[in-house]
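J.: Once you've had a glance at the structure underneath, I'll fire off some questions.
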Amino acid sequence: MSFLVRQIALKANGDEIVRARRVDGDEMTIGRDPTCGVQLPDLAVELKSAVVTQLDETHLMVESLTDHPFEVDGKKVMRSELDVTRGPELAFGGHRIVLSQDPRSRFPTFTVRRLSTVANSAKERETGGLYTLAGLVPGKRMSAWAIALVVLAAFLAWPIYSYATYEPLALHKNQMRPAGFHPDKMWESGKLSLAHQGLENDCQACHVEKFVAVRDNACLTCHQEDAHQHIADRPGMPAVERLTMARGEPRGFAGFQRAVATTFNKPAGRCVECHTEHEGAGAMPPTQQRFCTDCHDGLKSRLPDTKIPDAADFGTAHPQFMPAVIVDSAGAKPLVQRTLLTANTREFSGIKFTHAQHLSTTNGIAQMVHRRPQEFPGQSGLECQNCHQKDPTGTWFKPVVMEESCQTCHSLTFDQIGGTFRTLRHGEPAMVVADLRAFFRSGAPVRPINLNGMARRRPGDAAQAGTAADYARAVRFYPVRADQAIAQVFSKGGACYDCHTVTAGPASTGGFAIKNVAQTLRYYKKGWFTHDKHTKFECADCHVKAETSNDSTELLVPGIDGKGGCRTCHVGEGGAHLASVQQPVKSGCAMCHDYHADDGAPWMSRQPASRRAAADGPRTVSDRSATRVSLR
């Protein structure tokens with residue numbers, strides 16, 4: 001069983017507005033309470049004045065819930081049975097309710113109209129007028145003007161006065177406003193980041209002039225050393241002009257925004273366009289990828305003379321890496337060249353070494369590991385960490401030193417005196433030659449017994465003279481054995497030849513020389529990589545060719561794609577296109593690159609502060625493309 005309720009209101013022009021709704025149930029209340037099925041907003045009506053009960057399809061019972069009667073067709077009653085087909089009319093206060101039957105649904109219908117005046121228990125007036133304060137407060141117009149003046153005074157005039165009072169402090173070093181509330185801070189859009197927290201009470205440090213956007217010279221007051229130039233000047237074209245060309249002119253709505261910003265004294269290309277402030281008291285957020293791709297996506301079309309390839313998202317549009325490799329280790333400084341990484345990329349470090357031979361689990365090297373369980377516990381062969389050790393920051397690996405890594409197996413011992421072993425000096429060919437000559441010079445052939453004063457000898461001076469002559473001849477030719485030993489060390493199968501490239505040298509080194517050896521500590525000078533972030537993986541997960549490489553010049557660093565490539569995990573800033581990645585790592589430009597490129601790590605707020613401090617702090621390993629390593 002249900003009821004239909006039609007509330008009728010009048011517009012200002014006399015048109016009717018009908019709002020109909022359905023009330024389900026056998027009973028329905030009438031009253032001022034908002035929960036009533038028929039709600040009558042009239043103080044003359046009780047909260048719950050009457051209850052309507054449906055007897056059958058056409059008959060209703062209306063009964064008062066209070067001591068006050070209601071009207072049915074002009075008669076006051078406390079209870080009445082009504083036939084809806086006859087159209088009876090009920091009256092409650094200033095409202096009239098006409099009953100009927102809906103022709104389609106056959107539901108009893110209550111059509112509610114409000115009379116021109118609403119009855120009140122005291123007098124005929126609108127119910128809202130009982131609670132109005134119109135006679136006690138100023139008019140709306142006066143109030144609006146008063147509020148507007150208060151807002152202008154409190155949030156415009158007062159902050160301007162406060163800023164102007166301390167504006168001269170911008171011209172004095174190490175001076176700032178006293179702590180406490182300052183009205184111009186009401187204009188702040190948010191708290192300063194942790195990096196600039198010390199400027200909380202020194203607004204003039206950045207906002208040097210009132211109503212003028214922050215300029216780069218304010219930033220360079222403190223950041224002169226770390227704000228490295230992003231692009232170099234060229235003859236006839238300063239860096240700023242080249243950056244503008246690289247970015248291109250904004251179009252559409254972006255062009256309109258730029259025009260508005262320029263009109264209000266906010267020029268393009270300022271530091272604050274990337275380094276946003278007043279966005280919360282946490283760490284400053286890393287630069288979003290779009291700030292990089294605005295220029296680097298389609299860069300060659302806007303800056304044809306650039307040598308930098310176009311780049312967008314790392315997961316979809318990033319050029320292949322160009323590592324800095326050693327092309328010649330000879331000379332006082334190794335020759336390093338950036339080259340496109342391919343399967344045929346080679347590096348000539350001056351050392352003969354194959355990873356496959358040293359990582360084997362079945363050859364003679366593996367057998368040596370088995371015979372030395374105390375030094376190599378639980379190993380079936382040599383492992384990467386036996387030679388490669390991380391630097392204190394965990395970013396790179398230390399240069400491999402012969403005495404610490406190689407000499408464990410490749411001994412340079414050539415003599416033993418009691419319990420002391422004499423070794424050749426690694427990295428000093430001249431000293432190797434000198435030590436071998438001294439070794440053979442310090443000794444002599446065994447003296448014949450018949451030259452001893454107390455020994456028996458053959459009679460006759462001729463026999464004694466012959467023995468002395470033979471001994472003198474042996475002493476004379478004894479140093480020849482030193483030359484043979486020197487040649488053996490520097491020749492094939494010798495201690496030096498097996499690992500180093502032997503060339504012709506001066507007489508001081510027996511005519512032999514060792515080609516210099518250099519080791520690359522950082523291959524990617526234009527990007528950043530740290531091993532400390534990849535400790536969950538095995539070395540071979542990225543350096544996939546290490547266990548099978550038999551070429552000492554083969555470059556084993558991973559590239560972008562393929563097995564072990566960076567895209568195995570790193571999917572760019574979006575990454576939705578790489579559904580095959582099992583553990584995708586969101587990788588925006590700021591993860592590996594820095595706008596103010598230097599030798600340090602890119603600044604990323606997502607990195608923990610302790611780790612960031614370690615990566616950005618002093619290092620014990622020189623951060624150069626390649627370093628000359630002593631052969632000792």
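The values are calculated or read from the model by the stated rules, or taken from the named source; none is laboratory data. Keep in mind that what you see is a predicted model, and the values were worked out from it rather than measured. FYI the Cβ positions are ideal-geometry reconstructions off the backbone, even for glycines, and counts take in every protein chain you see. We work out accessible area using only protein heavy atoms, side chains counted, and drop any ligands, DNA or RNA first. Shrake-Rupley method; radii C 1.70, N 1.55, O 1.52, S 1.80 Å.
J.: What single numbered condition from (1) part of a strand (DSSP E or B); (2) under 18 Å from LEU90 (Cβ atoms); (3) touching a residue at least 24 places away in the same chain (Cβ under 8 Å) fails to hold for VAL45?
T.: Exception for VAL45: condition (1).
J.: List pairs: first residue in segment 284-303 and under 16 Å from ALA590 (Cβ atoms), second residue open to solvent by 60 Å² or more (accessible area, probe 1.4 Å) and of a type in the set (A, V, I, L, M, F, W, C) anywhere in the structure, Cβ distance under 7 angstrom, at least six positions apart or on different chains.
T.: Going by the 7 Å Cβ cut-off, the qualifying pairs are MET284/ALA195.
J.: Something else now. With respect to VAL433, is the statement that it is in a helix (DSSP H, G or I), open to solvent by less than 60 Å² (accessible area, probe 1.4 Å) and of a type outside the set (S, T, N, Q) true?
T.: Judged against the criteria, VAL433 is a match.
J.: Does ASP15 satisfy being modelled with pLDDT under 90 and open to solvent by less than 40 Å² (accessible area, probe 1.4 Å)? Outline the logic, then answer.
T.: Values: modelled with pLDDT under 90: yes; open to solvent by less than 40 Å² (accessible area, probe 1.4 Å): no.
Judged against the criteria, ASP15 is not a match.
J.: Considering only residues that are without any contact (Cβ under 8 Å) to a residue 40 or more places away in the chain and touching a Leu at 6+ places or on another chain (Cβ under 9 Å), look in segment 415-438 and name the one that is nearest to VAL369 (Cα to Cα).
T.: THR423
J.: Would you tally the residues in segment 45-56 being open to solvent by 60 Å² or more (accessible area, probe 1.4 Å) and in contact with a Gly (Cβ under 6 Å, 6 or more places away or on another chain)?
T.: Summing the residues that are open to solvent by 60 Å² or more (accessible area, probe 1.4 Å) and in contact with a Gly (Cβ under 6 Å, 6 or more places away or on another chain) in segment 45-56 gives 3.
J.: Give me the residue from segment 393-411 that is out of contact with any helix residue (DSSP H, G or I) (no Cβ under 8 Å at 6 or more places or on another chain) and of a type outside the set (S, T, N, Q) and, out of that set, most open to solvent (accessible area, probe 1.4 Å).
T.: My answer is GLU404.
J.: Only residues that are within 13 Å of THR408 (Cβ to Cβ) and buried (at least 17 other Cβ atoms within 10 Å of the Cβ): list them for segment 352-382, please.
T.: HIS358, VAL369, PHE376, LEU382
J.: On the given criteria, is PHE421 touching a strand residue (DSSP E or B) at 6+ places or on another chain (Cβ under 9 Å) and open to solvent by 60 Å² or more (accessible area, probe 1.4 Å)? Spell out the reasoning first.
T.: On the way: touching a strand residue (DSSP E or B) at 6+ places or on another chain (Cβ under 9 Å): yes; open to solvent by 60 Å² or more (accessible area, probe 1.4 Å): yes.
The answer is yes for PHE421.
J.: Taking the criterion of being outside any helix (DSSP H, G or I), modelled with pLDDT under 85 and surrounded by 13 or more Cβ atoms within 10 Å (Cβ to Cβ), would at least one residue in segment 452-463 satisfy it?
T.: yes
J.: Right, next: If you go through segment 502-521 one residue at a time, do you hit one that is part of a loop (DSSP other than H, G, I, E, B), open to solvent by 30 Å² or more (accessible area, probe 1.4 Å), within 28 Å of ALA343 (Cβ to Cβ) and in contact (Cβ under 8 Å) with a residue 60 or more places away in the chain?
T.: yes
J.: Looking only at segment 300-326, filter to residues that are open to solvent by less than 50 Å² (accessible area, probe 1.4 Å), of a type in the set (Val, Ile, Thr) and within 25 Å of CYS566 (Cα to Cα); which one of those is farthest from the chain's Cα centre (by Cα)?
T.: ILE326
J.: State whether one or more residues within segment 149-159 are β-branched (Val, Ile, Thr), outside any loop (DSSP other than H, G, I, E, B), open to solvent by less than 50 Å² (accessible area, probe 1.4 Å) and at pLDDT 75 or above.
T.: no
J.: Follow-up question, since we're still on this one. Going by the conditions given, is ARG425 in a loop (DSSP other than H, G, I, E, B), basic (Lys, Arg), modelled with pLDDT of 60 or more and in contact with an Asp or Glu (Cβ under 9 Å, 6 or more places away or on another chain)?
T.: Details: in a loop (DSSP other than H, G, I, E, B): yes; basic (Lys, Arg): yes; modelled with pLDDT of 60 or more: yes; in contact with an Asp or Glu (Cβ under 9 Å, 6 or more places away or on another chain): yes.
In short, yes.
J.: Now, a different point. Do we find that THR287 is assigned to a loop (DSSP other than H, G, I, E, B) and within 22 Å of the chain's Cα centre (by Cα) in this structure?
T.: Numbers: assigned to a loop (DSSP other than H, G, I, E, B): yes; within 22 Å of the chain's Cα centre (by Cα): yes.
In short, yes.
J.: Quick check on this structure: which one of GLY236, GLY269 is at pLDDT below 80, open to solvent by 70 Å² or more (accessible area, probe 1.4 Å) and on the phi > 0 side of the Ramachandran plot?
T.: GLY236
J.: Looking at segment 63-94, which of its residues are open to solvent by less than 50 Å² (accessible area, probe 1.4 Å) and in contact with a Pro (Cβ under 9 Å, 6 or more places away or on another chain)?
T.: Matches in segment 63-94: VAL72, VAL77, SER80, LEU82, VAL84.
J.: Still on this structure: Considering every residue within segment 332-351, establish whether at least one is free of Cβ contacts under 8 Å to residues at least 60 places away in the same chain, in contact with a Leu (Cβ under 8 Å, 6 or more places away or on another chain), in a loop (DSSP other than H, G, I, E, B) and surrounded by 14 or more Cβ atoms within 10 Å (Cβ to Cβ).
T.: no
J.: Identify, please: which residue in segment 34-44 is open to solvent by less than 70 Å² (accessible area, probe 1.4 Å) and modelled with pLDDT of 90 or more and is, among those, nearest to ARG22 (Cα to Cα)?
T.: Filtering first and then ranking leaves GLY37.
J.: Scan segment 528-540 and give yes if some residue there is closer than 22 Å to SER349 by Cβ and in contact with a helix residue (DSSP H, G or I) (Cβ under 7 Å, 6 or more places away or on another chain), otherwise no. Outline the logic, then answer.
T.: Initially, segment 528-540 is screened for residues closer than 22 Å to SER349 by Cβ, giving 529, 531, 539-540.
In the following step, the residues that additionally are in contact with a helix residue (DSSP H, G or I) (Cβ under 7 Å, 6 or more places away or on another chain) were identified as 539-540.
Checked against the condition, which is being closer than 22 Å to SER349 by Cβ and in contact with a helix residue (DSSP H, G or I) (Cβ under 7 Å, 6 or more places away or on another chain), segment 528-540 yields at least one hit.
J.: Are any residues in segment 552-575 assigned to a strand (DSSP E or B) and closer than 26 Å to THR287 by Cβ, and if so, which ones?
T.: Correct list: HIS570 only.
J.: Let me ask something additional. Just one of SER625, SER549, SER605 is at pLDDT 90 or above, surrounded by 14 or more Cβ atoms within 10 Å (Cβ to Cβ) and of a type in the set (Gly, Ala, Ser); which is it?
T.: Among SER625, SER549, SER605, only SER549 is at pLDDT 90 or above, surrounded by 14 or more Cβ atoms within 10 Å (Cβ to Cβ) and of a type in the set (Gly, Ala, Ser).
J.: A further question follows. Under 8 Å by Cβ, and 6 or more places apart or on different chains, what pairs join a residue from segment 184-203 that is in contact (Cβ under 8 Å) with a residue 12 or more places away in the chain with one that is open to solvent by less than 40 Å² (accessible area, probe 1.4 Å) and hydroxyl-bearing (Ser, Thr, Tyr)?
T.: What qualifies is ASP184/SER162; ASP184/TYR163; CYS203/TYR163.
J.: Of the numbered conditions (1) under 22 Å from the mean Cα position of the chain (by Cα); (2) modelled with pLDDT under 90, ASP297 satisfies every one except a single condition; which is it?
T.: (2)
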